[in-house]
Each structure stands twice: as C-alpha cells, then as structure tokens.
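Below is one structure; the comments refer to it alone.
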Amino acid sequence: MKSKHFVSLGDLSRDDIWTFLDTAKQLKLEHKTGHSQHLLKDKTLAMIFQKPSLRTRVSFEVGMTHLGGHAIYLTPSDIQLGKRETTEDIAKVLSRYCDGIMARVFGHEILEELAKHSDVPVINGLSDREHPCQILGDLLTVWEKKQRIEGLKLAWIGDGNNVCHSWLQAAPKLGMSVSVACPKGFEPDDKIVEYAEKFGPKVEVVHNAEEAVSKANVLYTDVWASMGQEEVAEQKKGSFKGFRITKELLKQANPDAIVMHCLPAHYDEEIAYEVAHGPQGVIFDEAENRLHAQKAIMALLMQ
Ligand code: CP
Ligand code: NVA
C-alpha cells in the first residue's frame, strides 16, 4: 500500500480498498466465530475529537479492545487542537507515545497536517470534506447484501457533503455508478466529481431525486446540515424538501434496492423512519460494519 495513512479514499487504489474489505470480512468472521486474534497487543490508538460522535468513538475503542490494544479518547477541550499548541507538535508528541492517531476534525487540512508530521498512521474519523471510514464500512455492507459491488448503481439523495465525497472517491473505482441528487447550490465539490468520472462507471449530479433513484440498487442519504452547520440548518430545510427518502421514492428504485444512512438520522427530514427501519433498510448493519472495517484499517496499518 502506497500510503501509511488512511486520510482519504482518493489516496487508495482499487486493490488497496479490496485489501481492506477482504481483511474486514476475515476479521468479522473470526470475531463471530470466537477466533479473534490480538493483532495489536499492547498497542495504543490516540483518538482526537473536535466534534461529537457515537459510532466512530465507540467502534474504534471496541476495535482496539478486540485487537488486544487500548484506545485513548481525547475530547475537544483536552488538547484544543491548534489553540493550545500546534497540530505539528501534537502529531510529534503523540507519535512518541502511541501507535496510531485517529482524528475527527473540522478542516480536512488538519488531518493532512497531522499525517505530514506523524511517524505513526493517521486515520480520518471524519472531516468537513471526507468520511472514508464510513464508506469502507458501507462498501462491506453493500458487498454482504448484494454479493458484489461492481455493476451496481448508488443513488445519493441530499447534501453533496463529506460522506457523498468519500462515496464518489471509492464507488466508481470499484465499478459502481453514482447518481447524486441534490438541490441547486448543494452539489459535491467539482474536483471530487471530476476525479470520480475518471474511472469509467457513470457519475452524474442531478437536481431531481426520482431521476437519481431510477434503477438504483443502493439508496443513500445523510443529514441535510452536517456538524458545524447548525446555524444554517433551518435555512437549509427549505431547499431540501424534495430530497427525502420516502416509501414513494423507494418504489421508484430497483425492487431489491437497499437503503443506507450513515447515522445519526433525522427522521422528520432526510429519511422516513419506516423506510430506514423497514425491510430494505440496512442502517444497523452499516453501523456494525464500521467496527469490522476499522479493525481492518488498524490491523493493516498499525501492526
Ligand atoms: N456515522 C458516524 O460517523 O457516526 P458518529 O458521528 O456517531 O461517529
Ligand atoms: N455529514 C455528517 C456525517 C455524520 C456522520 C456530518 O458531517 O455531520
């Protein structure tokens, strides 16, 4: 693998992503059959959080426990990234104590700065721009549910945000087409769309949810206002009304489509409760697969 870090799916080749997925599948099987190995015995992961978390925090910590190591949770007030001391010094100090650094940050450049100065692997636990751990777990879920990834169509409904960006960086590379439906003004980053278009499968950005879900095998949505956008949340609601996953919208997709959401969800906004919790919803499999996918990342990078 070219990169020792896991900061962006844009840094990884198709083969790299498959190596993570194969390892995740294997580790999941070992865990379910009681054959887990302590691959990271006595190793420590530092977890830096500038934003709240349920899944990321708990799944990384549990993952380190399964692998025989330990994780340290650093709250925003503990280290005050960039305020109390520089990101460079934090990376250098943590590298002397720990075997890996996972960080959830606002600016993506903070992760790049951590990676630049860290001697140990840096893992992106979400930035304003990308959420690669989420998409690795989601790809594992799609693979399990559909027995393949190549040839499927993903319909992204909603904000062209960090989770959408990571999908665009990975899905076409693995042979999936992507149709993003978002309100005007909320499109994903042009450069990431251009990157996604290089791999062959169709990539499109449209402004109509029905158009995007036609023939889709996977429907995906996320909150309309991400963490850090609280001030514009009310204002965004008006623009996003036609971009909800409802029972009616789901009927227009492939009949065996699965419905995904990274969570946390707002059931009165981007997705209807009965769809997310219904027979086609796979939201809790996704949440579980964060654990297995991240164990693969840590096992492959931190051993
Ligand atoms: N999906 C996700 O990253 O959840 P948390 O924000 O709870 O970590
Ligand atoms: N787009 C969301 C994802 C949360 C897991 C956010 O950044 O808040």
Along each of its three principal axes, how wide is the spread of alpha-carbon positions in the stretch 228-303, in whole angstrom units, largest first?
48, 37, 16
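Could you order peptides 38-44, 256-262 by the average number of other Cβ atoms within 10 Å of their residues, highest first? Walk me through the numbers before you get to the answer.
On the way: 38-44: 15.4, 256-262: 22.4.
The most tightly packed comes first, giving 256-262, 38-44.
How big is D for the chain, in µm² s⁻¹ as a whole number, if Stokes-Einstein is applied with the Kirkwood radius of its Cα pairs at 37 °C and 0.692 mPa s? Mind dumping the intermediate values first?
Details: Rh = 19.5 Å.
D, rounded to a whole number, is 169 µm²/s.
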Taking the dipole of the chain about the Cα centre (Lys, Arg +1; Asp, Glu -1; charges at Cβ), the one of P279, A103, A212 that reaches farthest to the positive side is P279
Placing each pseudo-label 7 Å from Cα in the direction of the beta carbon, K32 and E248 end up separated by a distance in nanometres of 3.8 nm
Given points 7 Å out from each Cα along the Cα-Cβ axis, report the E211 to D15 separation in nanometres with one decimal.
3.9 nm
Once you put a point 7 Å from the Cα of H277 and another 7 Å from the Cα of D42, both along the Cβ direction, what distance in nm separates them?
4.8 nm
Report the residues of the stretch 14-42 in range of a label on L263: point 7 Å along Cα→C-beta, backbone N strictly under 18 Å from it.
none
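In debye to the nearest 20, how big a dipole does the chain give about its Cα centre with +1 on each Lys and Arg Cβ and -1 on each Asp and Glu Cβ? All intermediate terms of the calculation are to be shown ahead of the outcome.
Numbers: 36 positive and 43 negative charges, 133 e Å.
For this selection, approximately 640 debye.
In the neighborhood of K191, defined by Cβ-to-Cβ distances under 14 Å, what is the net charge if each Lys or Arg adds +1 and each Asp or Glu adds -1?
Numbers: positive: R129, K198; negative: E130, E187, D189, D190, E194, E197.
Result for the neighbourhood of K191: -4.
Quick one: which of 217-228, 194-205, 286-297 comes out on top by average Cβ neighbours within 10 Å, and what's the full order, highest first? It would help to have the intermediate numbers written out before the result.
Numbers: 217-228: 22.5, 194-205: 15.8, 286-297: 24.4.
Output ranking for 217-228, 194-205, 286-297: 286-297, 217-228, 194-205.
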Zone residues, the stretch 15-50, relative to K2, backbone N less than 14 Å from point 7 Å out along Cα-to-Cβ:
15-17
Would you report the distance distribution of C-alpha pairs in the stretch 63-148 as whole percents per 10 angstrom bin, up to the bin with the largest distance?
16, 43, 29, 10, 2
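Can you compute the charge dipole magnitude of the stretch 179-303 about its Cα centre, using +1 on each Lys and Arg Cβ and -1 on each Asp and Glu Cβ, nothing else charged? Give it in debye, rounded to the nearest 20.
Working: 13 positive and 21 negative charges, 49 e Å.
Here the stretch 179-303 has a charge dipole of around 240 debye.
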Full-stretch length increase - D22, E231 - with 0.36 nm per residue and alpha-carbon distance subtracted:
71.1 nm
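By per-residue mean of other Cβ atoms within 10 Å, what is the highest-first order of 172-185, 116-129, 241-254? Intermediate values should be presented prior to the final figure.
Values: 172-185: 20.4, 116-129: 22.4, 241-254: 17.3.
Averaged packing, sorted descending, gives the order 116-129, 172-185, 241-254.
A short reminder: the numbers here are calculations on the coordinates, not readings from a lab. In this text the structure is predicted, and so the values were computed from the model without any measurement. Every residue, glycine among them, receives a Cβ derived from its backbone with ideal geometry; neighbour counts consider all protein chains shown.
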